[in-house]
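Input: a single structure, listed below in structure tokens.
Where a number appears in this text, it was derived from the coordinates with a stated rule and is not lab data. Quick caveat, the model's predicted, so the values are computed rather than measured. In this analysis, Cβ positions are derived from the backbone assuming ideal geometry, glycine residues included, and neighbour counts consider all displayed protein chains.
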Amino acid sequence: MEHIYGGVPAAEFSSEAKTRASSYGYQAYQLLRLGFIVAPIVAGLDKFFHLLVDWDQYLPPLVNSLTGGHGHELMLAVGVIEVAAGLGVAFKPKTFAYVVSAWLLLVVVNLLLIPGYFDVALRDFGLALGALALARLSHEFGR
């Protein structure tokens, strides 16, 4: 005997529920994808203009010493990498969402080297998890 839920046979309900869940999953994928296209591109471009923040403050003295005092130039290179990562998510999210997640984990390590930026490190850890979620969703919805 077939079960009926709210006037819908169980077999149809299952198909309908799968479609709705898939739709929510696709919407989550699209939202994350948009965020991880825009955020890295904006942050990367701002490394050149400092409209949002002086990004050089996020460079630990140790890293600046390792670059021979060329920390600002390193941050410009970081900006180029971030723009490339954002564009990568736009065109190849299945690959570049993992790149963005790994990049954000490197940013977390960098921030942990600077006293007083642990809150920003925690935020970026959350962003790394979001990028990882995008990477996983990309296997179902991405290219």
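Summary table below
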{"item": "Global geometry of the range 7-141, whether rounded, prolate or oblate, following the gyration tensor of its Cα atoms and the 1.5 cut on a/c", "result": "prolate"}
{"item": "Neighbourhood charge, 14 Å Cβ-Cβ cut-off, centred on His72 and excluding it, Lys, Arg +1 and Asp, Glu -1", "result": "-3"}
{"item": "Environment charge at Phe141 (Cβ cut-off 14 Å; Lys +1, Arg +1, Asp -1, Glu -1)", "result": "+4"}
{"item": "Calculated over the range 74-126: convex hull of Cα atoms, volume per residue (Å³)", "result": "70 Å³"}
